[in-house]
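First comes the structure, then the notes that go with it.
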Amino acid sequence: MFHRFGVWTTVGILAVVMARGAAFGQSEGAESADDSGAPLRALAEARGLHVGAAVHPATMDDEGLALLAKQFNQVTPENHMKWSFLERRRGSHDWTVADRIVDFAEKNGMRVKGHALIWHGSVPDWFHKIPDEERWRAASEHITAVMTRYKGRVHSWDVVNEALDDDGRRIRDTVFSEGGRADYIARAFRLARELDPEAKLIYNDYGCEGLGKKSNLQYELMADLLKAKVPIDEVGLQMHILGPEGIPNPADVAANARRLTRLGLSVNISEMDVALAAFPGGTMEEKLRRQAELYQEILAACVGIEGFSGVTFWGYTDRNTWVNGLNARKGLHEPEAPLLFDRSLKPKLAFFGVQRVLSKTP
Ligand code: G3I
């Protein structure tokens, strides 16, 4: 059931990383790119894990792509496999960016995680205008078009994204659920399995990382779907940490992941970023140190869990993060810095924190 990377020989690599470990705790926010120690991907592969990043055309220049290929063994298009990006006009697809990402991954021995087949947040405008009874047909045509194009090339798919309401009590009422009905979830997974039986099929959501109402609901939904023989392989815990109130307790995250694995599912962290806004007060130096510690604590709680498949960061350089767009909509214009590499692509303390976790002997 669990798909893990092959184990690499890493004795030499681990030695380098142990030496680099001294850098964590130093006061600089970033270090030279040439001094970054063992690549995350080698460390992750030694543990049978993936370490991925969401990619966006804004950061796909030569320097950025070289860094991605060096550090990560998996990529996810941040936006360009979403329905609203692929099929702005019904029946006419633009595969340009998605193809570029898949080609890049293949050339560099990286896996692709597709994101996201069914998400109410990424339906094209025309979908809202078609009659209700046509909606499932259009959605299934979309799933079919994308999964057929990338069959055998996309290793795993976020099949359904964010289906649960924030109150943690029900299925979210969306264009797909027609008043909170869950049938579309089962239908989407069954169709996805039929289209590419080899692909790993994932349910992905936010606010379900630790223990609480919404993660209990997610757990119950997964249990019910599995009981009904719906082909779900894995759950993605998004892990966007945007403010102090959003910091999950690492032990709760581990407990949540473990209960999901007991259902027979694997679990990944799917969209991790840690905004500096999560640490109000203090100097920039302190914020960057606390950011690194949090990355480290959460990942350390998960990497040893049997059935934990890996982590994807929602971007890799602070040059481009969705958090800035979110803040701008709230009238906040100070640039955020929630990722592992700074705006010049230098590794931050957060990078070294992740490196330390991955380098520990399992
Ligand atoms: O491409 C257009 C550009 O032409 C236009 O000038 C500009 C003006 O706003 O918008 C650009 O599109 C934006 C796009 O990101 C590309 O950067 C969209 O407005 C904006 O809505 C879109 O936001 C994305 C969001 O999902 C909605 O699709 C974020 O980049 C992306 O990080 C975010 O990712 C989601 C995951 O898919 C699901 N989980 C939560 C996560 C964060 O919201």
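Rule-based calculations on the coordinates, nothing more; no lab input. Keep in mind the model is a prediction, meaning the values are calculated, not measured. Positions of Cβ are backbone-derived with ideal geometry, glycine not excepted, and every protein chain shown enters the neighbour counts.
Pulled fully out, how much extra length does the chain show between D94 and E63, if you take 0.36 nm times their separation in residues and subtract their Cα-Cα distance? Walk me through the intermediate numbers first.
Details: separation 31, 0.36 × 31 = 11.16 nm, distance 2.54 nm.
The span from D94 to E63 would gain 8.6 nm if fully extended.
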*asked:* Sort T144, T59 by Cβ crowding within 10 Å, fewest neighbours at the top.
replied: T144, T59
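What is the antiparallel percent of DSSP beta bridges lying wholly in the chain, to the nearest 5?
Details: 4 of 37 bridges.
Bridges in the chain are about 10 percent antiparallel.
If you average the sequence gap of Cα pairs under 8 Å that are 6 or more apart and divide by the length of the chain, what percent do you get for the contact order? Write out the running numbers ahead of the final one.
On the way: 695 pairs, mean separation 72.6, N = 362.
Rounded, it is 20 percent for the chain.
Which peptide among 316-322, 250-256 comes first, and what is the full order, when sorted by highest mean count of other Cβ atoms within 10 Å?
Details: 316-322: 22.3, 250-256: 18.9.
Top of the packing list down: 316-322, 250-256.
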*Dipole of the chain (Lys/Arg Cβ +1, Asp/Glu Cβ -1, origin at the Cα centre): which of I202, L40, G52 lies farthest to the positive side?*
I202
_Apply the a/c threshold of 1.5 to the C-alpha gyration tensor of segment 85-213 and tell me whether it is rounded, prolate or oblate._
oblate
*Taking amide H positions as placed 1.01 Å from N in the peptide plane, with prolines and chain starts having none, which residues 5 or more places from V55, or on another chain, fall under 5 Å of its amide H?*
T76, E78
*So if R0 is 35 Å, what FRET efficiency would S84 and R262 give, r being the distance between their Cβ atoms, rounded to the nearest 0.05?*
0.45
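With respect to the cross-link table entries K70/K107; K82/K213; K82/K330; K82/K113; K113/K287, which display a Cα-Cα separation exceeding 19 Å? The partial results should precede the final answer.
On the way: K70/K107 12 Å; K82/K213 28 Å; K82/K330 24 Å; K82/K113 12 Å; K113/K287 31 Å.
The answer is K82/K213; K82/K330; K113/K287.
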_Anisotropy class of segment 234-298 from Cα gyration tensor, a/c 1.5 cut_ = prolate
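Assuming 0.36 nm per residue, please report the length gained on full extension of the stretch K151 to D224 beyond their Cα-Cα distance.
Separation in residues times 0.36 nm, less the Cα-Cα distance, equals 23.5 nm.
Neighbour counts of other C-beta atoms within 10 Å: give me W119, W83 arranged from fewest to most.
Details: W119 20, W83 23.
Result, fewest neighbours first: W119, W83.
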*Sequence-distant or interchain residues sharing an amide H contact under 5 Å with S266, placed H: which?*
E234, V235
*asked:* Mean-square fluctuation check for the chain, GNM, Cα pairs under 10 Å: which of E245, E220, E336 is largest?
replied: E245
*Hey, what did segment 206-362 get for relative contact order, percent, Cα under 8 Å, at least 6 apart?*
22
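Which order, highest average first, do 343-350, 154-161, 128-135, 183-190 follow once you tally other Cβ atoms within 10 Å for each residue and take the mean per peptide? Before the final figure, lay out each step's value.
Working: 343-350: 20.9, 154-161: 25.9, 128-135: 9.8, 183-190: 19.1.
Averaged packing, sorted descending, gives the order 154-161, 343-350, 183-190, 128-135.
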